[in-house]
Amino acid sequence: MQENSASSDDTAGGGNPSRHRSPVVRALSGVLLAVLVLFVAIVAGMAFIWRQLGPLPLSRAESVSVTVLDRNDLLLRAYTTADGRWRLPADPKDVDPRYIAMLVAFEDKRFRTHHGVDPWGIGRAAWQMIRHLRIVSGGSTLTMQVARLLQGEHERSAAGKIRQALRALALERRYSKDAILRLYLRLAPFGGNLEGVRAASLAYFGKEPRRLSLAQAALLVALPQSPELRRPDRFAEAARRARNRVLVRAMEAGILSREEMTRAMAERMPSARRDFPMLAPHLADAEVEQSKTRLVHRLTIDAAAQATLQTLVRDHSNALGRRLSAALIAVDHRTGEIIAHVGSPGYLDEMRFGAVDMTTAVRSPGSTLKPLIYGLAFEAGLAHPETLIEDRPARFGTYVPKNFDEDWHGTVTIRVALAQSLNIPAVKALEVVGPAKLFGRMQQAGLSPVLPKGTEPTLAIALGGIGLRLADLATLYAGFARGGDAVALHHRRDAADAKAQVAGQRLLSPVAAWYVADILRNAPAPANAKPGQIAYKTGTSYGFRDAWAVGFDGRHTIAVWVGRPDGAATPGLAGRTAAAPLLFDAFARLSPRRTPLPPAPSGVLQVAAGDLPPPLKRFRDANADLAAGRYVEPAVQIAFPPDRAELDVEDSDGGPVIVKAEGGALPLTWLIDGVPIDSDPARREAELPSSDRGFHKLSVIDAKGRADRVTIRLK
């Protein structure tokens with residue numbers, strides 16, 4: 001009976017061995033089975049999802065805000081993307097390294113070692129899901145977050161996590177860790193329409209993310225986890241708690257000390273979003289419109305100078321009156337680079353038509369061309385700064401100019417006439433120099449003068465009877481500052497060096513340019529300004545519509561306009577009182593110390609009026625000679641081609657190139673490179689014989705031995 005009983009027990013035990021296993025062993029077996037089933041399900045699911053995945057969706061990463069940068073890569077202006085997002089590109093090297101360290105420590109401490117998916121993180125998440133029967137933590141790596149951001153969706157389901165993991169593996173095969181981090185810095189959400197750490201730093205702190213405080217860096221780490229519920233401008237307390245959790249984790253990771261953590265926790269939270277920079281908005285708009293496919297535009301503008309001068313123009317305009325506007329251009333005339341461009345006192349100021357760029361508006365320049373008129377007279381040997389000239393009532397055909405003060409000053413030197421901006425002497429000088437020559441010289445120097453359609457240059461140019469832009473005047477006075485060398489202004493940093501020069505053209509001879517600068521340097525300064533610091537000239541257009549002031553020192557040229565954009569008259573508006581103070585303030589704010597003007601070049605005649613050669617002691621104008629019963633024939637001048645002209649012989653339709661002269665006594669003799677040209681001596685034009693390509697000297701001599709010469713290039 002005992003044997004049978006034992007046998008029965010053995011049989012029973014052998015038939016169901018699980019009865020001898022402990023509850024712990026049975027539980028572990030169940031867990032292992034569940035894990036195995038889960039693993040197989042995950043692998044099968046991943047295989048299924050992998051077949052459904054298409055290429056990496058990079059369109060969001062490639063759709064970034066167009067940015068306009070200054071000479072030091074500082075942001076001047078940014079534009080939202082097509083979907084209305086501020087999504088600014090950012091590189092890890094452009095972000096505070098402490099932010100990067102906090103981000104990795106808080107979000108993905110094994111970021112540099114895993115291949116897109118962190119097995120430890122996945123295991124922790126799986127265990128928590130089994131234990132709690134729900135997703136407690138996702139185990140997402142930074143690479144997985146980038147995959148989610150690229151897709152533009154936020155799925156917390158198991159299938160969604162698998163898709164993110166697979167895309168993360170694909171990202172790691174294609175991109176480096178820095179490239180993946182760059183995508184995160186560009187795409188991470190920060191509340192509202194802010195995407196990317198750079199946009200968030202500018203919006204919440206008003207600065208680039210290069211030098212964030214510890215508290216600011218921690219806040220930017222915390223926001224993407226719940227961007228809408230932690231916005232500091234709406235939910236400051238939630239944002240503060242999230243920031244402090246990041247600071248604690250950073251302290252535990254050894255990124256900062258306990259004392260630094262305490263100080264950072266005490267830092268105030270930003271309470272509102274800031275406006276994005278809007279520096280040189282008119283120039284930025286024009287640049288973006290011209291190059292629509294470029295995402296980054298790099299300009300020669302200096303952001304600090306631009307911000308300072310924008311504020312100055314706004315404050316100056318507000319002091320003048322609600323409807324008066326102003327514009328300003330500041331140039332480094334050594335290179336032709338525009339360092340500040342202010343098109344209006346306020347881009348959004350509707351009362352002043354702020355969206356209109358007044359630096360490009362065609363307006364009457366008033367008296368600002370007088371220095372060039374006298375410069376041409378100096379260059380031609382017709383006058384000297386100490387030459388005497390008459391400021392008395394004069395008639396030029398039907399044209400009867402008057403001085404601004406409606407008075408006459410009798411006999412004055414040209415130095416006084418220009419410094420005091422007397423009108424009648426300037427018109428007398430232009431009558432001898434020739435309006436056509438003045439107009440042509442402006443064109444050669446890169447200016448774009450505008451005349452009424454179908455009209456020719458007249459003596460009225462001397463007092464503003466022509467259209468110019470503020471940029472033209474900046475170009476003109478930059479030429480004076482450079483000793484007569486013409487320079488083309490440019491605002492793109494990638495502009496070729498050749499663009500800075502106008503084909504080697506000269507505005508004036510070095511001696512004539514120095515005479516002009518020396519006179520303008522000693523012009524009376526406005527009230528409360530120190531004289532002798534800059535060479536400058538003011539101008540007021542007919543009817544008090546435009547007030548101008550343009551000046552230069554040894555480095556910078558600044559041009560200023562004040563007036564109403566609609567062209568309405570402003571009684572009492574004058575360059576000396578409305579524009580000159582703004583000019584002097586702009587120089588003071590641009591640089592506290594003036595760069596001196598260059599010394600006198602060789603050939604300058606620095607003598608008193610009484611020691612001048614007899615032909616230069618008194619300016620001989622046509623009216624004075626006629627009043628004395630004398631007729632003075634104008635000197636011969638080559639009207640075409642202008643000096644330094646380039647003539648394309650092949651574009652002459654097979655016919656000869658015709659050269660023309662003005663003035664002088666017939667017969668005329670033409671020469672090219674010293675060799676006479678066969679021409680009709682009774683005519684003022686000749687056919688240019690076919691000659692070798694290259695540079696040539698063209699000369700004309702009249703019957704009295706007077707001559708004019710130009711250099712031309714045949715190509």
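If Lys and Arg each add +1 and Asp and Glu each add -1, what is the summed charge of the other residues whose beta carbon sits under 13 Å from the beta carbon of ILE100? Its environment carries a net charge of +1. For the range 602-609, 3J(HN,Hα) computed residue by residue from phi via the Karplus equation (6.51, -1.76, 1.60; θ = phi - 60°) reads 5, x, 6, 9, 9, 9, 6, 4 Hz, glycine and proline entered as x.
Using the Karplus relation 6.51 cos²θ - 1.76 cosθ + 1.60 with θ = phi - 60°, the per-residue 3J(HN,Hα) values for the range 330-346 come to 10, 10, 8, 6, 5, 10, x, 6, 7, 9, 8, 9, 10, x, 6, x, x Hz, with x marking Gly and Pro.
Its Cα gyration tensor gives the range 280-628 an equivalent ellipsoid. The semi-axes, each the square root of 5 times an eigenvalue, are 33, 22, 19 Å from largest down. With the highest mean first, a sort of the peptides 425-437, 457-469 on other beta-carbon atoms found within 10 angstrom per residue produces 425-437, 457-469.
Each Lys and Arg Cβ is given +1 and each Asp and Glu Cβ -1; about its Cα centre, the range 633-714 then shows a dipole of about 380 debye. For the range 280-628, the tally of Lys pairs with Cα-Cα distances below 28 Å comes to 24, considering only residues 8 or more apart or on different chains.
Straight-line reach from LYS715: taking Cα to Cα under 19 Å and skipping same-chain neighbours fewer than 8 places apart, the lysines in range are LYS697.
Bridging of LYS704 to lysines at a Cα separation below 19 Å is possible for LYS660, once same-chain residues fewer than 8 apart are set aside. Note on LYS109: lysines with a C-alpha under 26 Å away, same-chain residues under 8 apart excluded, are LYS93, LYS161, LYS177.
Taken together, the values in this text are just the output of simple stated rules run on the coordinates, not laboratory data. Computed from a prediction, not measured in an experiment: that's the story for all the values here. Reconstructed Cβ throughout: ideal geometry from the backbone, glycine too, with neighbour counts over all protein chains shown.
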